[in-house]
Amino acid sequence: MTVKQLELINFRNYNKQTINFGEGINILYGQNAQGKTNILEALYISATGKSHRTNNYRDLIRHESNGFEVNLTATIAGRDNTISVKYILERGKYAEINGVKREKLSDILGTLNMIFFSPETLEVIKGSPAVRRRFIDIFLCQTNRQYLHFLKRYNTLIKNKSIALKNEKKDKFGDTIPVWNEQISNYGGKIAYYRMKAINELNAYMKREIKSITGNLEESDMTYKTYCSFAEDADQEFFISRLSEELIKGLEKEKHIGQCIYGPHRDDFEILLNEMSSRQYCSQGQQRTLALSLIIAELFYVENIKGEKPVLLLDDVMSELDQSRQEYLLKGLMDVQTIITTTDELSYHDMKNRNIKKFFIEKGIISSKVDLN
Ligand SMILES: Nc1ncnc2c1ncn2[C@@H]1O[C@H](COP(=O)(O)OP(=O)(O)OP(=O)(O)O)[C@@H](O)[C@H]1O
Ligand SMILES: [Mg+2]
C-alpha cells in the first residue's frame, strides 16, 4: 500500500497545500514548529479517524477558519482509493471513501494501514497499562473490523455498569447487572481472545527482531495479562466462560467497591528483556530498541494479515536511535513506504541506494526538492 497524494485544507497551520509522496523514503525536513508533524498527523487521521495528539477535532482547524479537509489518494491492492476526512464546525465531522459519505469516522479504520512511530511510542514500553491497551486496540481495530464492534459494545456496557454500581446503594439497577454481565462476558471474552492472539504473534516477530538488532545478545518476551490465566491454545469460549465465572463470583465485591473489577478493561501486557521487566529495568537505549522492534513486529503482522505492507510514519525518532539502529531500520525496511520528519536533512545523505524524496517545510508551505544523491 502506498500513499500518493495528500491535500490539506485549513488543517493546523496549513492553508491549502498538496504533497505528492514517493514510493520509497519521504523526508519532511525543516525547523521546529513549521508543520512537519502536522502532516503525519493528517495521514494518521485518514487511516484511523483519530489524531495521535488530541481528541478534540477543533484543535485541528486552522485558526480563524471554520473547518478543515484532509484528502488522501492511496494505492491499495493495485487500485487508487480516495479517503477524505472533513470537519465543518456547523456540520460536524464525517469521512468519505471513494466519494461515498460515511457518518462514522471509525468506518475508515482498516481501509489504510499506517504504523506511527513517534517519541510517544516509547510510552508503550515505559507508560501505564492504559497506554498499552490503547496501542493494542488501535492496532487490532486496523486489522480486524469485528474487534472494533466488540470493543464499542463492551465499553458501553462497562460504562453503564459502572454508573449502576456507583448507584447501587440506591438499589436502582441491582437486577440489571447480571443481565449486563452476560453480555460483558461475551464481548469481553472475545476481546481478550483477540488480544491474546495478537500479542502472541507480535511477540514472535519481536523476539526475532530483538535477536537480530542485538546480534543475539538480548532476548525479549511479551506476555498478555488479563482477568484469568490461560493456555496458549485457549479459544474464545474459554475466555467468555472464564469471565462469566469471575463476574458471578465477584458480583458482591464489585457492588461493595462500586467499580467494574473484572474484565479486559483492566488488561495489560508485559514486555520483558532478558527476563526482566522493561518498564523497570531497561536502559533508555534498550527501551528504544524494544519500541523499534515492536513497530517492526507490527509491520510484519499487518503485512501478514493484509497481504500488503503498511505505510510507516516516523516522527522525530531517528535522532533518538544510534547510528547502527537507524541503519537497521532503514535497511530492513527497504520496500516499505516511509515518511520521516527531521530537523536535520544532512543525516540522510548516505542513503544513496534508496529511493528518496525530500520536502522542505516552512511555516505551513511545502516545497519538494529534487535529490542530487
Ligand atoms: N489549529 C492550528 N491553527 C494554526 N496553526 C496551528 C494549529 N495547530 C498547530 N498549529 C501550529 O503548527 C505548528 C506546529 O506544527 P508541528 O507540530 O507540525 O511542528 P514540527 O514541524 O513537527 O515541529 P518540531 O520539529 O518542533 O516537532 C506550530 O507553529 C503551531 O502553532
Ligand atoms: Mg514535530
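What the table shows:
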{"read-out": "Cα-Cα P(r), region 121-302, percent of pairs per 10 Å interval", "value": "9, 35, 30, 18, 7, 1, 0"}
{"read-out": "Spin-label model distance (nm) - Thr2 vs Ser324, 7 Å beyond Cα toward Cβ", "value": "3.3"}
{"read-out": "Between region 244-258 and region 40-112, the Cα center-to-center distance that results, in Å", "value": "41"}
{"read-out": "Overall dimensions of the chain as given by Cα atoms, namely Rg and Dmax in Å", "value": "22.2, 74"}
{"read-out": "Virtual spin-label span in nm between Ser283 and Val100, 7 Å along Cα→Cβ", "value": "5.4"}
{"read-out": "Estimated FRET transfer efficiency when R0 is 30 angstrom, pair Lys255-Asn81 (beta carbons, to 0.05)", "value": "0.05"}
{"read-out": "Whole-number percent relative contact order across the chain, with pairs defined as alpha carbons under 8 Å at least 6 apart", "value": "26"}
{"read-out": "Contact order normalised by residue count of region 121-302, Cα under 8 Å, 6+ apart, percent", "value": "32"}
{"read-out": "Inter-site label distance for Asn304 and Thr54 at 7 Å from Cα along Cβ, in nm", "value": "3.8"}
{"read-out": "Gaussian network model of the chain, Cα within-10 Å springs - most flexible of Glu362, Glu252, Glu270", "value": "Glu252"}
{"read-out": "Ranked Glu345, Glu275, Glu320, criterion: other C-beta atoms within 10 Å, fewest first", "value": "Glu275, Glu345, Glu320"}
{"read-out": "Fraction of beta bridges assigned by DSSP in the chain that are antiparallel (%, nearest 5)", "value": "70"}
{"read-out": "Expected 222 nm ellipticity per residue - DSSP helices of 4 or more, -39500 (n - 2.57), all of the chain, to 500", "value": "-13500 deg cm²/dmol"}
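No value in this document is a laboratory result; all are computed from the given coordinates. All figures in this text were calculated on a predicted structure; none of them were measured in a lab. Reconstructed Cβ throughout: ideal geometry from the backbone, glycine too, with neighbour counts over all protein chains shown.
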